[in-house]
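Reviewing the structure listed below.
The values are calculated or read from the model by the stated rules, or taken from the named source; none is laboratory data. Quantities reported herein were computed from a predicted structural model and do not represent experimental measurements. As a convention, Cβ positions derive from the backbone with ideal geometry for all residues, glycine included, and neighbour counts pool all protein chains shown.
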DNA sequence: GACACGTGGCG
DNA sequence: TCGCCAAGTGT
């Protein structure tokens, strides 16, 4: 059927994790930083880095003043380092065009680098308390089960997913409701090993009523990693994060034996602005020489 | 809509 | 061990 708002909010009050970006004193900037870091990245790895970032760059203009190299080094091994570059670009735009205040308007947010539909709505809801649907992979899974009675969500369908979630949004406490839906997907209604015995909306769950059928949609694509350009780029970047001085190419050559792939990946890192070459031909993180 | 894009932990 | 998974975005 639907999702029982009161039961879900009660469950949230009892069991929600005390994460720093959920505290009342957390700024919109703190929320934005958390949302970018959390893209495809587990909470446990984000939390310590988030604390470092907010202490070092408490407002967008502070980050805008840092170099790309500083930002990439501070990003550490969170993964997908282009996120760090885009967040720096977003911080620059916010400082320059928005008076150092994170915008609250979804469309304005979506216009900033690295901020798509999910992140824009998450900031609008969690930083500014707006009543808007927030659709991430957790929410899609919870809705697929509790509302549609399926074993899991099928491929994303932006407009339909948004409509589905908008239909569930309560008039009051919508932002908390959204956070609770995500939390439910993260802690209870998980992809595998669901904890249905702990579920606050067990009684209303269409998946339960259907006898918990297995997922029958198209097979999900699993991303490989070993041997991919992603792995090689990560290895190359790790060398540069680990040195304070620009290095000769020989130091990069040792991380991967396939010459062709190595060159291609180094080129793409230069292209992406994740690596720079000095006038003397050495390699470094950008903006540090 | 498919694919590229990092990294590490867990069952 | 290794496949699967984790609060997506940009092209």
**Study point:** Any helices (runs of 4 or more DSSP H) falling wholly within segment A:200-269 and containing at least 2 residues that are within 16 Å of DNA strand C (Cβ to nearest atom)
**Key:** A:229-241
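Surrounded by 12 or more Cβ atoms within 10 Å (Cβ to Cβ) and within 16 Å of DNA strand B (Cβ to nearest atom): which single residue out of A:195, A:212, A:230 fits that description? Spell out the reasoning first.
Numbers: A:195 fails: surrounded by 12 or more Cβ atoms within 10 Å (Cβ to Cβ); A:212 fails: within 16 Å of DNA strand B (Cβ to nearest atom).
Result: A:230 is the single residue among A:195, A:212, A:230 that is surrounded by 12 or more Cβ atoms within 10 Å (Cβ to Cβ) and within 16 Å of DNA strand B (Cβ to nearest atom).
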Practice item. Working carefully through the options A:34, A:61, find the one that is closer than 17 Å to residue A:125 by Cα, free of Cβ contacts under 8 Å to residues at least 40 places away in the same chain and in a helix (DSSP H, G or I). Key: A:34
**Study point:** Hits in segment A:240-257 - residues which are within 14 Å of DNA strand B (Cβ to nearest atom) and exposed (fewer than 15 other Cβ atoms within 10 Å of the Cβ)
**Key:** A:242
Point to revise | Top-ranked residue in segment A:136-167 [being away from DNA strand C (no atom under 13 Å from the Cβ) and in a loop (DSSP other than H, G, I, E, B); ranked as surrounded by the fewest Cβ atoms within 10 Å (Cβ to Cβ)] | key: A:148
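Restricted to segment A:29-40, and to residues that are near DNA strand B (Cβ under 10 Å from one of its atoms) and within 25 Å of residue A:129 (Cβ to Cβ), which residue is surrounded by the most Cβ atoms within 10 Å (Cβ to Cβ)?
A:37
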Point to revise | Residues within segment A:274-289 that are within 29 Å of the chain's Cα centre (by Cα) and in a loop (DSSP other than H, G, I, E, B), tallied | key: 6
Study note, to complete from the structure: Of the candidates A:190, A:228, the one satisfying the condition of being farther than 30 Å from residue A:15 by Cα and at pLDDT 95 or above is A:228
**Study point:** Complete set of residues in segment A:1-30 that are near DNA strand C (Cβ under 9 Å from one of its atoms) and farther than 30 Å from residue A:204 by Cα
**Key:** A:21
Check your understanding: Among (1) in contact (Cβ under 8 Å) with a residue 12 or more places away in the chain; (2) surrounded by fewer than 18 Cβ atoms within 10 Å (Cβ to Cβ); (3) farther than 24 Å from residue A:18 by Cβ, where does residue A:225 come up short?
Key -> (1)
Revision key, fill the gap. Per the filter on segment A:109-131, residues over 24 Å from residue A:44 (Cβ atoms) and without any contact (Cβ under 8 Å) to a residue 12 or more places away in the chain are A:110, A:111
Review point. Considering only segment A:102-135, how many residues are within 16 Å of DNA strand B (Cβ to nearest atom), touching a helix residue (DSSP H, G or I) at 6+ places or on another chain (Cβ under 6 Å), over 24 Å from residue A:62 (Cα atoms) and outside any loop (DSSP other than H, G, I, E, B)?
Key: 0
